[in-house]
Every structure is written in C-alpha cells, then in structure tokens.
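K.L.:
Supplied in structure tokens, the structure appears directly below.
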Amino acid sequence: MLSTVCKSFILTLCICWALAADGALEHNRFHYDDYTLRMGGLIFAGLMLTIGIIVLIMHLVFIQPKLASKPGIQK
C-alpha cells in the first residue's frame, strides 16, 4: 500500500516537472507560467488530501481495533 502511494507521489512529481519543462525558458529566466504552477499546486494538494484520507482510514481500520482489544487501554 505504501509503495503504491510512493509511486503515485513520484509519478505526480514527474508529471509536474514535465509540465513545467514543456515551455522553453524565455528571455527572463525567472518567468513563471501561472497555469502550470496552479495545476501543479492543485495536483500536489489533491495528492496530499488523498494520502491524508488513506492514513486516516488505515488508522481506523488497522490500529483502532488493536487498541480496543488490549486490556487497560481505553479510547
């Protein structure tokens, strides 16, 4: 599961990098393409949201039942 998340993260970074490198640098080396930056930010935010939801679900499904089964530990 974690390797799938890592692969997705690396793939997303590669896509963002490819989108950013698509347009050749213009005369000004600090010229930013706002659309590419916005899309990269949205992809990154969506990925972080997905990872957060996966971590939350994993905690509720795998860790919470183990804590409930141990004597002396209360929620």
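K.L.:
So how many residues does the range 28-64 have that are surrounded by 10 or more Cβ atoms within 10 Å (Cβ to Cβ), more than 24 Å from THR4 (Cα to Cα) and either modelled with pLDDT under 75 or in contact with a Leu (Cβ under 7 Å, 6 or more places away or on another chain) (or both)?
P.N.:
Residues that pass the stated criteria total 1.
K.L.:
Next up: When both residues are 6+ apart or on different chains and their Cβ atoms are under 8 Å apart, which pairs have a first residue that lies in the range 36-65 and is over 14 Å from THR12 (Cβ atoms), and a second that is assigned to a helix (DSSP H, G or I) and of a type in the set (Val, Ile, Thr)?
P.N.:
The qualifying pairs are ILE54/VAL5.
K.L.:
If LEU25 satisfies all but one of (1) modelled with pLDDT of 80 or more; (2) assigned to a loop (DSSP other than H, G, I, E, B), what's the number of the condition it fails?
P.N.:
Among (1) modelled with pLDDT of 80 or more; (2) assigned to a loop (DSSP other than H, G, I, E, B), LEU25 violates only (1).
The values are calculated or read from the model by the stated rules, or taken from the named source; none is laboratory data. Just so we're clear, the structure is a prediction, and the values are computed from it rather than from any experiment. Quick reminder, even Gly has a Cβ in these numbers, built from the backbone with ideal geometry, and neighbours come from all protein chains shown.
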